[in-house]
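Trainee: The structure that follows is given in the form of structure tokens.
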Amino acid sequence: MTNPTPQAPSAPPDGPPRLVLRGIRKVYPSVVANDGIDLTVRPGEIHAVLGENGAGKSTLMKIIYGVTRQTEGEIEWEGKAVEVDSPAHARSLGIGMVFQHFSLFETLNVTQNVALALPGKPDLKALAKQIEEVSQRYGLPVDPRRMVHALSVGERQRVEIIRCLLQSPRLLIMDEPTSVLTPQAVRKLFETLRQLAAEGCSILYISHKLDEIQELCHTATVLRGGKVTGSCIPSQETPASMARLMIGKDLPVCEHGASTSGGETRLRLAGLSHASDDPFGTDLRDIHLDVHAGEIVGIAGVSGNGQQELLYAISGEAPLAEKFPVQICGIEAGRMTPDQRRTAGMGFVPEERLGRGAVPRMSLAENALLTAHTGAGLLKSGLIDFAAMEKFSAECIAAYNVKCGGPGAEAKSLSGGNLQKYIMGREIMQSPKVLVVAQPTWGVDVGAAAFIRQALIELRDRGTAILVISEELDELFEISDRIAVIANGRLSPSKPAAETNVEEIGVWMSGMWPGAEAAQEVSHAA
Amino acid sequence: MEANLFTSMLFATVVAGTPLVIVALGLLVSEKSGVLNLGAEGMMAMGAVAAFAVTHETGSPWLGVLAGMGAGMVMAFLFGILVLSLMANQVASGLALSIFGVGLSAFVGKPFESVALAAVPPIRLPFLADIPVIGPALYNQQALVYFSWALMWAVVWFLYRSRAGLVLRAVGEAPGSAHSIGYPVIRIRYLATLFGGAMAGIGGAFLSVFYTPLWVEGMVAGRGWIALALVVFATWRPLRVIVGAYLFGGVMIAQLFVQGSGMEIDMPSQVLSSLPYWATIVVLVIISRNAATIRLNAPVSLGQPYRADT
């Protein structure tokens, strides 16, 4: 979807390698994350690292960037053996990294965040200008004065990318960089990356989006279970053949039957307006939407257009002043707390897995208890029923194929995809009447993403009303029965997914749907 | 009210607030890096006794202040070894440090009880001290009072204008992220902790050498704890810390004045003596109750040990 006519990247450049890894092995107390990995990156080469969750990609990148150190193996940088002992050292060598789990400081503004990563003492005003220039040039709109805690995931990622680009690195590591960009922004980012590569910068590109890798990367190294299972030239492969290398079998496809529409209205937003608590946030304006039993409604939009505020208003994290704008199964729930809304039959899967969806330092079983205490009967006369809690958690782990150390494992020890499967499972197993999901597959690899989407469709077939807020259009078209668009805090009318297409929704995403006020100003649209 | 009375009360308020200003600003810097040092009371006590002893032996109050600062830093360094290198629990270690410091200072200070030091003459700032009413109160003060004002601007500038301060705040906010972009988290936390210890030591020295010129066991009298509370209730903002410190000093002096004036008040004297403590906290809670302010200023990683992923 990102580019209908992929231009195959030119042949991988020759020349002395910039980075060579030999026999990298990394052992954590309970797991071997990397086992004998060899990798060579040349100047100007865009090199993909492909692999499932837990295949060891992130660990390998952390070793290169000096965040952690290998147990065995050698790193050679521009012909010399090096021990990268800290990220500062890596940066002084000319290595930059965009993290998947961001390394930003929430109480500082964008400019200060960028300044922290730059050497010397940059002048903040000049830097803010520079940030604006880079953000315009590369299609990564972000306001340098905003506080990071008020930014959406997509906006934070832009800050990370800008921060790296300002350091003019010779090797840029990008961990899932396009997960939350619009198609246009992805295209612009690719132009940037190609330009950087043409200028001689090497790029290590971690992604699970096979079409992107084909379009962008010269070479690819595929990891599975911490080992290299193959390397290839993506332009000579098909997505299916690369997926086979990566997961060892064929790519799973979602089965999506027609919706059993015509069910009762389970979630109704009746003129929902809410001023954001954050002075830089987006105010919600007069949002109307009905979600019926047995259908999936998708809300598309560029990040920062009110998705977060909408989710908080629906979930009860930001209760409203009035009761009527949010109705759950006919109950006016606008002033209820999240817990009361759960009791009324709603389940939520928030966008932030660690911190909102799960408590990072608590075990999976304890995390199950947090939302499923009544929904799954984990309490016995007001006290915790530990046996039921363990059992529920173990069932969830088994049913949703969560790779982890069992119900006692800490939530933060799981990879993003596995934790997301667990959180989805926890909510689905309580058989909610309404499920609201934000960014269900953000940063999740193909296998896990297909699994999660399939689980949502199955839940719909059992009669649950599902609202999915996502910034990935592909995903919305794959699972939704109806699609609406949020832009600048307003919601478009919805349209059956079968009667619209990516182009039309793309236009709507910039605020121009039929009946919208013509001169509507849209924030942060790419 | 006569101008003279006002001047002398203002004078006394500033003097009473100064040790809190110095100690609380030191703790604020240390907490902004994510280190919660509950040992302030002990560091102040050690600073006070060391300063008193050295001043007594050498006759120089300035050597005394240096000794107090050194004693505070030694205490802070011990704390740093425990919580930063050995990753002990910060709350428990801090409490232990307080108890240890108060006890050790009483032991070391035994020979110095009932000894008095010569009062250190104040420094009169030319011209400023001639301003009517407030001049004699504010500009005819101990050198450490002027130091506390300079310290306040230095801390504000450091935290919000300098790059080093930005790095320090970043470390307190997200040590993992700070490490991943290349800052030495543990070293920065050590420096911040040592700064906190140095200021606590100077605050203690002010009490024993300038404020009372006496050493009495237990003379810190909870000021370390009130300084810790000031930082929290002022939501880690330096200017509010100052407001709180002087408020504490002002109420302290006012209630002493009331008690000393023989005014007939139908209230036990203990209630009056407790007034400065709870008045300060109530006022700070009220001016700082905005959730957004707290969120933006509280160091997220406060009190949590940090271990680099290796």
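The values are calculated or read from the model by the stated rules, or taken from the named source; none is laboratory data. As the structure is a prediction and not an experimental result, all values here were calculated from the model. Please note: Cβ atoms are built from the backbone with ideal geometry, for glycine as well, and neighbour counts cover all protein chains shown.
Trainee: Output the helices (runs of 4 or more DSSP H) that fall wholly within the range B:193-310 and possess 2 or more residues being of a type outside the set (D, E, K, R) and in contact with a Ser or Thr (Cβ under 6 Å, 6 or more places away or on another chain), or say none.
Mentor: Output list reads B:238-260, B:291-297.
Trainee: How many residues are among the β-branched types (Val, Ile, Thr) and more than 14 Å from chain A (Cβ to nearest Cβ) if we restrict to the range B:178-200?
Mentor: The number of residues fulfilling the criteria is 1.
Trainee: Follow-up. From the list A:244, A:194, A:187, which residue is at pLDDT below 90, in contact with an Asp or Glu (Cβ under 7 Å, 6 or more places away or on another chain) and either of a type in the set (Phe, Trp, Tyr) or outside any loop (DSSP other than H, G, I, E, B) (or both)?
Mentor: A:244
Trainee: On the given criteria, is residue B:111 outside any helix (DSSP H, G or I) and more than 21 Å from residue B:21 (Cα to Cα)?
Mentor: no
Trainee: Could you tell me whether residue B:54 is under 19 Å from residue B:227 (Cβ atoms) and of a type in the set (Val, Ile, Thr)?
Mentor: no
Trainee: Taking the options B:53, B:119, name whichever one is out of contact with any Leu (no Cβ under 9 Å at 6 or more places or on another chain), surrounded by fewer than 17 Cβ atoms within 10 Å (Cβ to Cβ) and among the small types (Gly, Ala, Ser).
Mentor: B:119
Trainee: Which count do you get for residues in the range A:51-70 that are part of a loop (DSSP other than H, G, I, E, B) and within 14 Å of chain B (Cβ to nearest Cβ)?
Mentor: Of the residues in that region, 6 qualify.
Trainee: Still on this structure: Filter the range A:394-419 down to residues that are touching a strand residue (DSSP E or B) at 6+ places or on another chain (Cβ under 8 Å) and outside any strand (DSSP E or B) and give me whichever is surrounded by the most Cβ atoms within 10 Å (Cβ to Cβ).
Mentor: So the residue we want is A:419.
Trainee: Now for a different question. With (1) more than 30 Å from residue A:192 (Cα to Cα); (2) among the polar types (S, T, N, Q); (3) in contact with a helix residue (DSSP H, G or I) (Cβ under 6 Å, 6 or more places away or on another chain) as the list, and residue A:273 as the residue in question, which single condition is left unmet?
Mentor: (3)
Trainee: Would you check which residues across the range B:256-302 are within 25 Å of the chain's Cα centre (by Cα) and within 14 Å of chain A (Cβ to nearest Cβ) and list them?
Mentor: If the condition is that a residue be within 25 Å of the chain's Cα centre (by Cα) and within 14 Å of chain A (Cβ to nearest Cβ), then B:290, B:293, B:294, B:295, B:296, B:297, B:298, B:299, B:300, B:301, B:302 are the ones that fit.
Trainee: Just to be sure, is residue A:199 over 30 Å from residue A:249 (Cα atoms) and either of a type in the set (Phe, Trp, Tyr) or modelled with pLDDT under 85 (or both)?
Mentor: yes
Trainee: Of all residues in the range A:95-120, count the ones that are assigned to a loop (DSSP other than H, G, I, E, B), within 27 Å of the chain's Cα centre (by Cα), more than 9 Å from chain B (Cβ to nearest Cβ) and more than 30 Å from residue A:31 (Cβ to Cβ).
Mentor: Residues that pass the stated criteria total 1.
Trainee: How about the range B:163-177: which of its residues are surrounded by fewer than 21 Cβ atoms within 10 Å (Cβ to Cβ), more than 7 Å from chain A (Cβ to nearest Cβ) and among the hydrophobic types (A, V, I, L, M, F, W, C)?
Mentor: Within the range B:163-177, just B:164 meets the criteria.
Trainee: Working only within the range B:78-91, note down all residues that are under 15 Å from residue B:228 (Cβ atoms) and either out of contact with any helix residue (DSSP H, G or I) (no Cβ under 6 Å at 6 or more places or on another chain) or not in a helix (DSSP H, G or I) (or both).
Mentor: B:91
Trainee: Residue B:182: in a loop (DSSP other than H, G, I, E, B), closer than 30 Å to residue A:110 by Cα and either in contact with a helix residue (DSSP H, G or I) (Cβ under 9 Å, 6 or more places away or on another chain) or not small (Gly, Ala, Ser) (or both), yes or no?
Mentor: yes
Trainee: Still on this model: When residue A:55 is evaluated against the numbered criteria (1) modelled with pLDDT of 90 or more; (2) closer than 19 Å to residue A:212 by Cβ, which criterion, by number, is the only one it fails?
Mentor: Of (1) modelled with pLDDT of 90 or more; (2) closer than 19 Å to residue A:212 by Cβ, only one is false for residue A:55: (1).
Residue-wise test of (1) crowded, with 21+ Cβ neighbours inside 10 Å; (2) within 11 Å of chain B (Cβ to nearest Cβ); (3) closer than 23 Å to residue A:28 by Cα; (4) under 30 Å from the mean Cα position of the chain (by Cα).
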residue	(1), (2), (3), (4)
A:72	no, no, yes, no
A:83	no, no, yes, no
A:122	no, yes, no, no
A:126	no, no, no, no
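Trainee: So for the range B:37-49 (the condition being of a type in the set (S, T, N, Q) and under 30 Å from residue B:169 (Cβ atoms)), does at least one residue qualify?
Mentor: yes
Trainee: Another question, then. Looking at B:102, B:91, B:65, which one is surrounded by fewer than 19 Cβ atoms within 10 Å (Cβ to Cβ) and aliphatic (A, V, I, L, M)?
Mentor: Result of the check over B:102, B:91, B:65: B:91.
Trainee: Identify the residue in the range A:299-353 that is among the basic types (Lys, Arg) and surrounded by fewer than 22 Cβ atoms within 10 Å (Cβ to Cβ) and, among all such residues, is nearest to residue A:269 (Cα to Cα).
Mentor: A:323
Trainee: May I ask you to verify whether residue A:335 is assigned to a loop (DSSP other than H, G, I, E, B), touching a Lys or Arg at 6+ places or on another chain (Cβ under 7 Å) and of a type outside the set (A, V, I, L, M, F, W, C)?
Mentor: Yes; evaluated as a whole, the condition is true for this residue.
Trainee: Please verify whether residue A:48 is assigned to a loop (DSSP other than H, G, I, E, B), away from chain B (no Cβ under 12 Å) and surrounded by 22 or more Cβ atoms within 10 Å (Cβ to Cβ), treating the condition exactly as stated.
Mentor: Here the answer is no, as residue A:48 does not meet what is asked.
Trainee: List pairs: first in the range A:457-472 and at negative phi, second modelled with pLDDT of 90 or more and basic (Lys, Arg), Cβ under 7 Å, 6+ apart or cross-chain?
Mentor: Qualifying pairs under 7 Å: A:464/A:433; A:465/A:266; A:465/A:433; A:466/A:460.
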